[in-house]
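Okay, structure first, notes after.
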Amino acid sequence: MGSGFYQQLRDLLLANGCVLVRQGKGSHEVWRSPISGKTFPVAATVKSRHTANGILKDAGIAQKL
């Protein structure tokens, strides 16, 4: 499942301790970051590098794709 930057994004989130909380609407998933303490949505169809980097920023991860 997923396309674009989803697999790279998912791998980075997991490597930094983020957990998948639940499936959201449509192709979205809800993740939680222990670094930032935030819950944030991740689309399985992330095709934009800017969107992927914004998700990493929400998660408190400084690394960029």
Segment 3-28: number of residues that are open to solvent by less than 50 Å² (accessible area, probe 1.4 Å) and under 16 Å from L56 (Cβ atoms)
7
Before we move on, is L65 surrounded by 12 or more Cβ atoms within 10 Å (Cβ to Cβ), modelled with pLDDT of 95 or more, touching a Phe, Trp or Tyr at 6+ places or on another chain (Cβ under 8 Å) and not in a helix (DSSP H, G or I)?
no
Say whether the condition of being assigned to a strand (DSSP E or B) and not basic (K, R) is met by at least one residue in segment 42-55.
yes
Could you check how many residues of segment 29-49 are touching a Leu at 6+ places or on another chain (Cβ under 7 Å) and either closer than 16 Å to G60 by Cβ or in contact (Cβ under 8 Å) with a residue 24 or more places away in the chain (or both)?
4
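Go over the candidates T45, T39 one by one and state the one that is under 12 Å from the mean Cα position of the chain (by Cα) and either modelled with pLDDT under 95 or under 19 Å from G4 (Cα atoms) (or both).
Only one candidate passes the filter, namely T45.
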Would you call F5 under 10 Å from the mean Cα position of the chain (by Cα) and either at positive phi or in contact (Cβ under 8 Å) with a residue 60 or more places away in the chain (or both)?
yes
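The values are calculated or read from the model by the stated rules, or taken from the named source; none is laboratory data. All of these numbers come straight from a predicted model, not from anything done at the bench. Heads up, the Cβs are rebuilt from the backbone with ideal geometry, glycines too, and the neighbour counts pull from every protein chain shown. Ligands, DNA and RNA are excluded from the accessible area calculation, which covers all protein heavy atoms including side chains. Shrake-Rupley method; radii C 1.70, N 1.55, O 1.52, S 1.80 Å.
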